[in-house]
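The values are calculated or read from the model by the stated rules, or taken from the named source; none is laboratory data. The shown structure was predicted, so the numbers you read here are calculated from the model rather than taken from an experiment. Because the Cβ atoms are built from the backbone with ideal geometry, glycine has one as well, and the counts that use them run over all protein chains shown.
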Amino acid sequence: MYSLKSRDIITITPGTAEELRKLEVLEYQRPLRTRHVRFLAEKMRKGEFRTGNIAVAIKSDGSDGQILMNGQHQIEAVIQSGIPIEVFQEVFLCKTEDDLSKLFRQFDNTPIRSIADMTRVELGILQVDWTPQVASLLVGALFFLSGKDANTPREKKVEALREDVPVGNFIQYVSTGANNCAILKRAPVVAAMISSWKKNKEDARKFWISVRDGEKLDKEMPAYVLRNFLINCNMKYGSIYRRPTAKEIYSRCAHAWNAYRQGRTTKLAYHSSAPLPKYL
């Protein structure tokens, strides 16, 4: 069984990090992720990085050298940013290879904070009355509209909730309090609601309530056509279901909204190769 040799809080400077970088890294562990290094380096530059954790193993079987068990991304980020950080450094003695494996398994094995966990806290800080479901949909919709990379950190996605609280209030208002609002509870639909609201708030309120409730709609009306599409969004062909992509749903919503604004009919034509339509 491995044993603890020392445990201290120390400062890692770029020079110290260069020395730590020379240590042997435990074989077979995940390769260095440059994206995560950049993320940590940016945290350090902004002064948002908390205390780090560096762990080193020393083989007590007589073999030379130390092995870096945890902290390679933090070390690289210090070098990249040039910013010193405080770290919790632990040094362990390991007698066998099994001890090394067991020690390695002790890092990063606690439940991570999910987007839902972060969103609940954000709702409290913003003091809004959005439901957790609406907040999660907003996170997904705002991320869709941002066009950011799929590997964007969770905290950056949740941070977008602060950008426009009034639009969140609009989504909460339209997507709750009615029996048929379930058809609106998809991130690309919420993205469409946001895009239309930014064009004309009153028209957006009328249009999306019509789509939601289906009251007093003629079959030729854009709101009716879109509502019918959303109700039958998972289309079945024989024994096969075809689920529309987020791009398709958002695009068809745009066609319906634009037709509504222009006073014309639409069939919500969609071509996968076409760019995302603009909301008028």
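When you scan the stretch 77-116, how many residues do you find that are within 17 Å of K156 (Cβ to Cβ), surrounded by 13 or more Cβ atoms within 10 Å (Cβ to Cβ) and free of Cβ contacts under 8 Å to residues at least 24 places away in the same chain?
Residues flagged as within 17 Å of K156 (Cβ to Cβ), surrounded by 13 or more Cβ atoms within 10 Å (Cβ to Cβ) and free of Cβ contacts under 8 Å to residues at least 24 places away in the same chain within the stretch 77-116 amount to 1.
Collect the residues in the stretch 109-137 that are in a helix (DSSP H, G or I) and basic (K, R), keeping them in residue-number order.
Of the stretch 109-137, the ones in a helix (DSSP H, G or I) are 115-126, 132-137.
Matches in the stretch 109-137: R120 only.
How about the stretch 16-29: which of its residues are surrounded by 11 or more Cβ atoms within 10 Å (Cβ to Cβ) and farther than 14 Å from A55 by Cβ?
T16, A17, E18, E19, R21
Identify, by number, the condition in (1) surrounded by 14 or more Cβ atoms within 10 Å (Cβ to Cβ); (2) touching a Pro at 6+ places or on another chain (Cβ under 9 Å); (3) on the phi > 0 side of the Ramachandran plot that G71 doesn't meet.
So G71 meets the others, but not (2).
May I ask you to list the residues in the stretch 3-52 that are among the β-branched types (V, I, T) and either within 21 Å of L93 (Cβ to Cβ) or in contact with a helix residue (DSSP H, G or I) (Cβ under 9 Å, 6 or more places away or on another chain) (or both)?
If we filter the stretch 3-52 for residues that are among the β-branched types (V, I, T), which is where we start, we get 9-13, 16, 25, 34, 37, 51.
Hits for the stretch 3-52 are I9, I10, I12, T13, T16, V25, T34, V37.
Residue pairs, Cβ under 8 Å, 6 or more apart or interchain, first in the stretch 155-176 and farther than 20 Å from R205 by Cα, second outside any helix (DSSP H, G or I) and not hydroxyl-bearing (S, T, Y). List them.
That search, which allows pairs on different chains as well, returns K156/K148.
Given the stretch 1-108, what strands (runs of 3 or more DSSP E) lie entirely inside it while holding 1 or more residues that are of a type in the set (D, E, K, R)?
Details: elements: 3-12, 52-59, 66-70, 85-94.
Qualifying strands (runs of 3 or more DSSP E): 3-12, 52-59, 85-94.
Out of K22, K46, report the one residue that is of a type in the set (K, R), modelled with pLDDT of 90 or more and more than 25 Å from P153 (Cα to Cα).
On the way: K46 fails: more than 25 Å from P153 (Cα to Cα).
Step by step, each of K22, K46 is checked, and only K22 is of a type in the set (K, R), modelled with pLDDT of 90 or more and more than 25 Å from P153 (Cα to Cα).
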